[in-house]
1. Among (1) in contact with a Gly (Cβ under 9 Å, 6 or more places away or on another chain); (2) among the small types (Gly, Ala, Ser); (3) within 16 Å of the ligand (Cβ to nearest atom), which single condition is Ser132 missing?
2. Quick one: in segment 1-48, of everything that is polar (S, T, N, Q) and closer than 21 Å to His217 by Cα, which residue is nearest to the chain's Cα centre (by Cα)?
3. What are the pairs, 6+ residues apart or on separate chains, where a residue within segment 90-112 that is of a type in the set (Gly, Ala, Ser) has its Cβ under 7 Å from a residue that is not in a helix (DSSP H, G or I)?
4. Within segment 81-90, restricting attention to residues that are surrounded by 17 or more Cβ atoms within 10 Å (Cβ to Cβ) and of a type in the set (Ser, Thr, Tyr), which residue is farthest from the ligand (Cβ to nearest atom)?
5. On the given criteria, is Asp160 at pLDDT 95 or above, in the same structural domain as Glu263 (by TED's automatic domain parsing) and more than 13 Å from the ligand (Cβ to nearest atom)?
6. So which residues in segment 182-214 are within 14 Å of Glu260 (Cα to Cα) and near the ligand (Cβ under 8 Å from one of its atoms)?
7. Hey, could you check segment 91-127 for residues that are under 17 Å from Leu140 (Cα atoms) and within 10 Å of the ligand (Cβ to nearest atom) and say which is surrounded by the fewest Cβ atoms within 10 Å (Cβ to Cβ)?
Amino acid sequence: MKSLNQFVQEYFEESKALLTSFYPGLREDTFKRDLELYLFGVESDQNQRLKETPYLKGIQQNVSKFINQVEKGTPLPYITGKSYFYRNEFLVNSDVLIPRSETEILVEDASNFLKQNQNGDTQHVLEVGTGSGALILSLLSEVDFGVSAKASDISSKALDVARKNFFLLKFGIHSDTTLDFICSDRLSFLENKEQKFDLIVSNPPYIKRKGDSSLVHPKVHEFEPHQALYLDDENYNSWFEKFFLQVRNSLKTGGAFLMEGHENHLNELKDLAKTLGFQNVELKKDYCDRWRFLKMKN
Ligand SMILES: C[S@@+](CC[C@H](N)C(=O)[O-])C[C@H]1O[C@@H](n2cnc3c(N)ncnc32)[C@H](O)[C@@H]1O
């Protein structure tokens, strides 16, 4: 009798062209891992579970459901409900952006800042636009001291996902750390409040809805939340101007703001930040040599 592993192997061979058109660079082993995650909730060593499972009626229905979604080009993390980022697995669904590997650079820079800035006083950290919580939770897992953190998002559904991820990853975060989730447009929840932060991080929406549309993969546009991706072209600069002014009002002197952005627009945002009075405004490249990060101090 055919094993599930044999079935998947044959399916992958026959459908490789279609699959790689949806998922560029998809390999058979990662495809099998995702199927295991979908069917069994866990992956096994060398796809052992697929090898041991006979391809019988009971399982065929679930495999078909997986393949139906795959053949629509649904991003694999939305099918399995899980995505890997930095050192952890995160729950994801279509209410949140699938965390991208380049954002891991922000985790590294932000954790280096916190480590260098650590002087015994509790540091205050804010993430704006937390989505799944991948960035703030990776940052909090990375430091071996307590931090007072807040994570905001305009989407309450995204915050539900982030809260679940916090619950699952809590054990890897210093016990003195606190993390509050806040539903807010940028930093509006701080209006009329005196609270100041040592560090603010953000991977905000930064694609121009019209101007950049040809640069967005159609499956990203089709499946990922538009609120996480796009800003209107005509409001782009004013959106960031309000954001930067709020950040400037909420950062301590010497505090840092680290942000991911679009390689075609970061230069302009760098000039804007300088005009608004930020110090040490710098751009940083990602691992593909693209200018993707903006760093500044108050
Ligand atoms: C590019 S995603 C980043 C998600 C996550 N931080 C990550 O890096 O994977 C941007 C996030 O910002 C949120 N967002 C969009 N507009 C916002 C606003 N005006 N205020 C706060 N959050 C906003 C979106 O809901 C989304 O979760």
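The values are calculated or read from the model by the stated rules, or taken from the named source; none is laboratory data. Since we're looking at a predicted model, the values are computed, not measured. Here Cβ is always computed from backbone atoms with ideal geometry, including for glycine, and neighbour counts include all displayed protein chains.
1. (1)
2. Thr30
3. Hits for this filter: Ser94/Pro225; Ala110/Leu199; Ala110/Val201; Ala110/Leu258; Ser111/Val143.
4. Tyr86
5. Numbers: at pLDDT 95 or above: yes; in the same structural domain as Glu263 (by TED's automatic domain parsing): yes; more than 13 Å from the ligand (Cβ to nearest atom): no.
It is false that Asp160 is at pLDDT 95 or above, in the same structural domain as Glu263 (by TED's automatic domain parsing) and more than 13 Å from the ligand (Cβ to nearest atom).
6. Passing the criteria: Ser202, Asn203, Pro204, Pro205, Tyr206.
7. Here the answer is Glu104.
Residue by residue, here is whether (1) at pLDDT 95 or above; (2) surrounded by 15 or more Cβ atoms within 10 Å (Cβ to Cβ); (3) within 26 Å of Leu245 (Cα to Cα) holds:
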position: Thr130; (1), (2), (3): yes, yes, yes
position: Ala149; (1), (2), (3): yes, yes, yes
position: Ser152; (1), (2), (3): yes, yes, yes
position: Ser155; (1), (2), (3): yes, yes, yes
position: Phe167; (1), (2), (3): yes, no, no
position: Ile173; (1), (2), (3): yes, yes, no
position: Leu187; (1), (2), (3): yes, yes, yes
